[in-house]
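K.L.:
Could you have a look at this structure, given as structure tokens, before my questions?
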Amino acid sequence: MELTTFWFAVIAFLWTGYFVLEGFDFGVGLLAPVLSRNEAERKQVLGTIGPVWDGNEVWLITAVGAMFAAFPAWYAGMLSSFYLPLTLILVGLIVRGVGLEWRGKVQHASDRAWCDLGVMVGSGLTAFLWG
């Protein structure tokens, strides 16, 4: 097997791992307001992704890093031609991450509602732009 074929298979594996695992997180983030009727249920629903959502981002970082190392022209072409959507994806991931982290730390219900909105908007925006 050639080295380019090996690296292409590794990068394809990393992107597939990211989209499969993160797709579940996006779905939970989008459906949390629909699936839960009260605060306890919403905490349970978001608790399903709580321990793993930030670990799933490692798949994305590793995939992009492998693209940079193995195929720099592919990396440069993708990131420069899709600059705006990828920037908005990063904003969506940040908003979702802040919403998930702050939700457990805020005291007032109105603040939790803002965090829930951040999780929902961040998940929806990111999933839409990847699609």
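K.L.:
Which residue, of Ala32, Ala127, Ala69, Ala73, is in contact with a helix residue (DSSP H, G or I) (Cβ under 6 Å, 6 or more places away or on another chain), under 30 Å from Thr4 (Cα atoms) and assigned to a helix (DSSP H, G or I)?
P.N.:
Ala127
K.L.:
Determine, yes or no, whether Ile61 is under 16 Å from Ala127 (Cα atoms) and not small (Gly, Ala, Ser).
P.N.:
Here the answer is no, as Ile61 does not meet what is asked.
K.L.:
Report the residue count in the range 106-120 for those that are among the hydrophobic types (A, V, I, L, M, F, W, C) and either surrounded by 19 or more Cβ atoms within 10 Å (Cβ to Cβ) or modelled with pLDDT of 95 or more (or both).
P.N.:
Of the residues in that region, 3 qualify.
K.L.:
Of everything in the range 1-52, what is of a type in the set (Asp, Glu) and in contact with a Phe, Trp or Tyr (Cβ under 9 Å, 6 or more places away or on another chain)? Give them in sequence order.
P.N.:
Passing the criteria: Glu22, Asp25.
K.L.:
May I ask you to list the residues in the range 1-41 that are among the hydroxyl-bearing types (Ser, Thr, Tyr) and in contact (Cβ under 8 Å) with a residue 40 or more places away in the chain?
P.N.:
Across the range 1-41, the qualifying residues are Thr4, Tyr18.
K.L.:
Pick from Leu21, Leu31: which is surrounded by 12 or more Cβ atoms within 10 Å (Cβ to Cβ), at pLDDT below 95 and within 23 Å of Arg112 (Cβ to Cβ)?
P.N.:
Within the list Leu21, Leu31, the selection yields Leu31.
K.L.:
Identify, from the list Phe13, Phe26, the residue that is of a type outside the set (D, E, K, R), assigned to a helix (DSSP H, G or I) and open to solvent by 50 Å² or more (accessible area, probe 1.4 Å).
P.N.:
The unique qualifying residue is Phe13.
Here's the yes/no breakdown for (1) within 18 Å of Gly131 (Cβ to Cβ); (2) within 19 Å of the chain's Cα centre (by Cα):
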position: Gly23; (1), (2): yes, yes
position: Arg37; (1), (2): no, no
position: Asp54; (1), (2): no, yes
position: Val64; (1), (2): no, yes
position: Ala73; (1), (2): no, no
position: Gly77; (1), (2): no, no
position: Leu93; (1), (2): yes, yes
position: Val98; (1), (2): no, yes
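K.L.:
Under the condition of being β-branched (Val, Ile, Thr) and under 19 Å from Pro33 (Cα atoms), which residue from the range 49-105 is surrounded by the most Cβ atoms within 10 Å (Cβ to Cβ)?
P.N.:
Filtering the range 49-105 for residues that are β-branched (Val, Ile, Thr) and under 19 Å from Pro33 (Cα atoms), the one surrounded by the most Cβ atoms within 10 Å (Cβ to Cβ) comes out as Ile49.
The values are calculated or read from the model by the stated rules, or taken from the named source; none is laboratory data. Computed from a prediction, not measured in an experiment: that's the story for all the values here. Using ideal geometry, Cβ is built from the backbone for each residue, glycine included, and neighbour counts are taken over all protein chains shown. When the accessible area is computed, the model is the full protein with side chains, heavy atoms only, and any ligands, DNA or RNA have been set aside. Shrake-Rupley method; radii C 1.70, N 1.55, O 1.52, S 1.80 Å.
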